[in-house]
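Participant: Pasting a structure below so you can have a look.
Throughout, read-outs are computed from the coordinates displayed, never taken from laboratory work. What you see is a predicted model, and the numbers here were worked out from it, not measured in a lab. Every residue, glycine as well, gets a Cβ built from its backbone with ideal geometry; the counts of neighbours run over all protein chains shown.
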């Protein structure tokens, strides 16, 4: 009886720790970011599709995780370069409509990841990034949007 009860409790706990859904990662900043705070595209890369669910799983609890250079290349591919004086982080990101591009902004320890795409039906999908940053972000904001 005790084993059955313990098995049931463990099964319930596993069900409660459900996988994240993309819309749960959306989080708009309360303050604006400027073009001067935009990172160049050499500072970030999308996680490879073959590593996507591993990255999403690692980002269940925390929105940014520091990486070694080796892990950064594992997630983003062999061509990803760690910028001198910066730390690579695995960061939550979303996209919509399979078009468009990312813009990444850094301001006073806050990170904003935006994906703009064509179309009006913005159904978010997971797309974590590897981003070179000077330090661990205090907060990570994620937006999706675009034009018709």
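Participant: Could you go through the stretch 113-121 and let me know if any residue there is in contact with a helix residue (DSSP H, G or I) (Cβ under 8 Å, 6 or more places away or on another chain) and within 24 Å of residue 51 (Cα to Cα).
Facilitator: Of the stretch 113-121, the ones in contact with a helix residue (DSSP H, G or I) (Cβ under 8 Å, 6 or more places away or on another chain) are none.
Checking the stretch 113-121: not a single residue is in contact with a helix residue (DSSP H, G or I) (Cβ under 8 Å, 6 or more places away or on another chain) and within 24 Å of residue 51 (Cα to Cα).
Participant: Give the stretch 20-38 a look and list any residue that's within 17 Å of residue 128 (Cα to Cα) and in contact (Cβ under 8 Å) with a residue 12 or more places away in the chain, or say none. Show your work before the answer.
Facilitator: In the first step, residues of the stretch 20-38 are kept if they are within 17 Å of residue 128 (Cα to Cα); the result is 20-28.
Matches in the stretch 20-38: 20, 22, 23, 25, 26, 27, 28.
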